[in-house]
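First comes the structure, then the notes that go with it.
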Amino acid sequence: MTSYDEPSIYSLLAVEETKEQKPKKYTSKFRQNVKQEYASGRDPNKTMGPAKVAVPPPTDYLKKHEKEPQLPTKESFKYPDDDRKRPPVPSKNDTPLMGLKTTKNFISTNAVENITAVPKLPAKKYADTRNGDTHNLVPSGYEPVYVHKKEFGEVPTYLTKRKEEIKRAQEEYDQYIAEHFRRGALRQLTEEERAAILDGLKTNWEDIHDQYQGLSVVPDTAPKKNRKERMEAQMKQLERDIELFQKHKIIYIGN
């Protein structure tokens, strides 16, 4: 038994030296374009902004309070009701007009105005508390204000327009029916035919109803259940047909 430190016969054999195969280096397809752009003289502007920035002129220097917020332009304040204000009180230096006289008799003029004036009607009010607190009657809803409007009692415009549209649609329908009558495609049922069909529908409904009443109360089998559902559907269809014939007096059928 030999150890690893002792010489071995296998160490005398010639060992062929193997070189490590390195992977192929990656080469970008834009390599040549980058070289051309780099050599085309674009170095001065490859940083942020131009290489040389224009220096401000000496006259454009920072002045005092220049960066402080500027207040808006001062304007003269005016109240919204300035037009309704009375004229100002005259000063002590303003002298009134002297020597003006009038021939108007204010006593008789005031008397005539009061005699011929129409008396003012009292405001309509109502009291709703035991203390006699009053309120205006018109906005309360107790006063019939709407009946005094100019358009009260007149037919609204939209109703007149709708009535004209219904009339026009009825005229078009009448023309359509008249055209089919002329071609012979439609025929109007007479009153006798309509009454006979209506009586027949009612008779069929009564027959099915009599049979329906004879069924068992509990449909315990599938045929009984199917028969009951079928008879109910037939009676509902007959009821719709009877309602249709009773509602429309004029009925057209196709030949």
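What the table below lists for this structure:
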{"item": "Pair list, Cβ under 7 Å, 6 or more apart: segment 233-255 residue among the hydroxyl-bearing types (Ser, Thr, Tyr), other residue surrounded by 11 or more Cβ atoms within 10 Å (Cβ to Cβ) and modelled with pLDDT under 90", "result": "252/177; 252/186; 252/187; 252/188"}
{"item": "Top-ranked residue in segment 178-200 [being touching a Phe, Trp or Tyr at 6+ places or on another chain (Cβ under 7 Å) and in a helix (DSSP H, G or I); ranked as most open to solvent (accessible area, probe 1.4 Å)]", "result": "197"}
{"item": "Top-ranked residue of segment 206-255 - restricted to ones that are touching a strand residue (DSSP E or B) at 6+ places or on another chain (Cβ under 9 Å) and exposed (fewer than 11 other Cβ atoms within 10 Å of the Cβ), ranked as modelled with the lowest pLDDT", "result": "255"}
{"item": "Boolean, residue 162 is out of contact with any Gly (no Cβ under 9 Å at 6 or more places or on another chain), surrounded by 11 or more Cβ atoms within 10 Å (Cβ to Cβ), in contact (Cβ under 8 Å) with a residue 12 or more places away in the chain and among the basic types (Lys, Arg)", "result": "no"}
{"item": "Contacts under 9 angstrom Cβ, first residue in segment 214-231 being outside any helix (DSSP H, G or I), partner open to solvent by less than 80 Å² (accessible area, probe 1.4 Å), 6 or more apart", "result": "215/228; 215/231; 216/228; 219/228"}
{"item": "Residue 189 vs. criteria at pLDDT below 90 and in contact with a Lys or Arg (Cβ under 9 Å, 6 or more places away or on another chain)", "result": "no"}
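Every residue, every condition in (1) of a type outside the set (Val, Ile, Thr); (2) open to solvent by 70 Å² or more (accessible area, probe 1.4 Å); (3) on the phi < 0 side of the Ramachandran plot; (4) not in a strand (DSSP E or B), yes or no:
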position: 96; (1), (2), (3), (4): yes, yes, yes, yes
position: 99; (1), (2), (3), (4): yes, yes, no, yes
position: 104; (1), (2), (3), (4): yes, yes, yes, yes
position: 110; (1), (2), (3), (4): yes, yes, yes, yes
position: 113; (1), (2), (3), (4): yes, yes, yes, yes
position: 120; (1), (2), (3), (4): yes, yes, yes, yes
position: 126; (1), (2), (3), (4): yes, no, yes, no
position: 131; (1), (2), (3), (4): yes, yes, yes, yes
position: 142; (1), (2), (3), (4): yes, yes, yes, yes
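The values are calculated or read from the model by the stated rules, or taken from the named source; none is laboratory data. What you see is a predicted model, and the numbers here were worked out from it, not measured in a lab. Quick reminder, even Gly has a Cβ in these numbers, built from the backbone with ideal geometry, and neighbours come from all protein chains shown. SASA here: full protein model, heavy atoms, side chains in, ligands and nucleic acids out. Shrake-Rupley method; radii C 1.70, N 1.55, O 1.52, S 1.80 Å.
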